[in-house]
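Beneath this line is the structure, given in structure tokens, with notes to follow.
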Amino acid sequence: MLITLYRRVRNDSLARNSLLIMATTVANGGLGYVYWMLAARMVTPAQVGTATALISAATAVSMVANLGAGHMFIQRLPSAGVRRWSRVVGVGLLAGCAVTAAVAAAGALIVPAIAVNFGFLTGLTGTAALVCAATAVTATTLLDCVYVAHRAGHGMLTRNLLLAAGKIAGLLAVLSAGAHSAGAVVLSWTVPTLLVAAGTIVAGLGRLRPGARLRLRLSGLRAELPHLRAALTGHHLINLTQAGPAAVLPVLVTARLGPGATAHFYLAWMTASILFMVSPAVASALYAERTNDSRVGLPRAAAVVLVMVGAPATLLLAGGDTLLGLFSAGYATGAGPLLRILVLAAVPDAVTNLAVAHWRSRGEFARCRRLNAVRAATCLSLTWLLLPALGVTGAGVAWLIGQSAGALLVLASAVTSRRRPGTLRRRPFCGFADARPPGDVSPGSVPPTGVSPAALLAGAGGCVGRSEAPRSAGQELTGDVPQREGRA
């Protein structure tokens, strides 16, 4: 039975890469537990809170400033030739990291003047720490997306195992040297991230596209600007409104309650992340499958999420306090209720993440943005209002309400679509939507499919039943319209 299951997973690209992405999360989470357990036992809670607040701020900056290049990679790299592949990855990485560094430097100057609890960012040391940490987050995020684009989850898992082990080794090194401060923790977290990112660029990416020679230079920026602009206005806005609240929540906790409370929130969030990373992993794998012209339906993706979330959710509900108690009894008391609320929020969060991936693969970017905007606005506004009264638990309540609001909108959309069976839906092409009327087969257009509206609603029509000719080698799909890309 196990052998049969193994063969089925090995031959199912969606399940295999979803599991590898989730395995990456589990490995990061497990080794992250070791890392933060060492930090919590050897460094005071106030110093741990400052370190987690800075890392959270760096994550938020990266989320804002990475230009959406990650999903651009997933969309464009599978069909790119060697020269274009090198240019897309090189320009995307360099532009994303450069903009992230600039935004981080500006944030280090502005944020302490607005929020007194971020005073640790003042001065050259605080600015340099935020810039380096944010750039490291952007680099590792974009590199992971390159692996996802090529459905090479095993490479991403290996890279992240090295990264997590490097962080632990770095922390042990600084602790052994007698450095028991927030700066030492941040240093041990940032330096391995930058080193592994550099090693991946030098030695790892070439295996994904044999013959490609990656150069981090802006010589191809002119050719890539239209695609970066499309990624910024399409994918990036979706990503910001989808993942942004998770990055901003610790920042709001710090601003309202101080760094000490951030430590409790951060550890509860890290514990629940094993659930919150399941549906985004499957959603990313689903989108990658469809950009690789694979026939993958939404129901199968939902089944993978259900199987992978059930057991961990039960474990966290039953023994979450015990897990938090491994850090200290104070963490179990302060963050236990928050953890249970976050576990419950994993269900509506999965509904919205899969819906966004499905709509994104059909080119319905505006629909994705509206859904994510509602849940982001609900979550962040309620967090700001509830934190003073409920403490860190207020952030969990706001998160649960925001995700539930998004799931209800998805349900309402599905019901509305069922009641309008004659409505012309956007054809589910991988990367853009063709809204031309039937019979319009002008150059660059795609003939309509024969997939029924019911099949589209069920998600089975993502890239199914297409009768159009294959794309030419030079045709790019950015935003909602096909474009032709000139040679570099």
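Here, each number is a calculation from the coordinates, and none is a lab measurement. Nothing here was measured: the structure is a model prediction, and the numbers come from that model. Every residue, glycine among them, receives a Cβ derived from its backbone with ideal geometry; neighbour counts consider all protein chains shown.
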Pairs of alpha carbons in the stretch 236-294 whose separation is greater than 13 Å (percent): 70
Phi-based couplings in Hz for the stretch 170-180 (Karplus 6.51, -1.76, 1.60; Gly and Pro marked x): x, 5, 4, 5, 6, 5, 5, 7, x, 8, 10
Estimated distance in nm for a label pair at His180 and Ala113, the labels positioned 7 Å out from Cα along Cα-to-Cβ: 3.8
³J(HN,Hα) computed for each position of the stretch 151-167 - Karplus, 6.51 cos²θ - 1.76 cosθ + 1.60, integer Hz, glycine/proline x: 6, 10, x, 5, x, 5, 4, 4, 4, 6, 5, 4, 5, 5, 5, x, 5
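Please give me the summed charge of the neighbours of Val248: other residues whose Cβ is under 15 Å from its Cβ, Lys and Arg +1, Asp and Glu -1.
Details: positive: Arg256, Arg375; negative: none.
Neighbour charge sum, excluding Val248 itself: +2.
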Extended-chain gain in nm, criterion 0.36 nm per residue less alpha-carbon gap, Leu221 and Ala303: 25.4 nm
Debye, to nearest 20: dipole size of the stretch 10-418, +1 on Lys, Arg Cβ, -1 on Asp, Glu Cβ: 1360
3J(HN,Hα) from dihedral phi, the stretch 87-93, Karplus parametrisation 6.51/-1.76/1.60, rounded to Hz, x for glycine, proline: 5, 4, 5, x, 5, x, 5
Cα-based radius of gyration of the stretch 347-393 once divided by 2.2 N^0.38 Å, which approximates compact folds: 1.44
The stretch 370-400 versus the stretch 78-119: alpha-carbon centroid distance in Å: 27
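Can you tell me the order of 263-273, 186-196, 389-399 when each peptide is scored by its average per-residue count of other Cβ atoms within 10 angstrom, highest first? Intermediate values should be presented prior to the final figure.
On the way: 263-273: 25.6, 186-196: 20.8, 389-399: 22.5.
Output ranking for 263-273, 186-196, 389-399: 263-273, 389-399, 186-196.
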Zero-based 20 Å bins, Cα pair distances in the stretch 10-418, whole percents: 28, 62, 11, 0
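Between Val202 and Arg370, what length in nm is gained on full extension when 0.36 nm per residue of separation is reduced by their alpha carbon distance?
On the way: separation 168, 0.36 × 168 = 60.48 nm, distance 3.92 nm.
Gain in length upon complete extension: 56.6 nm.
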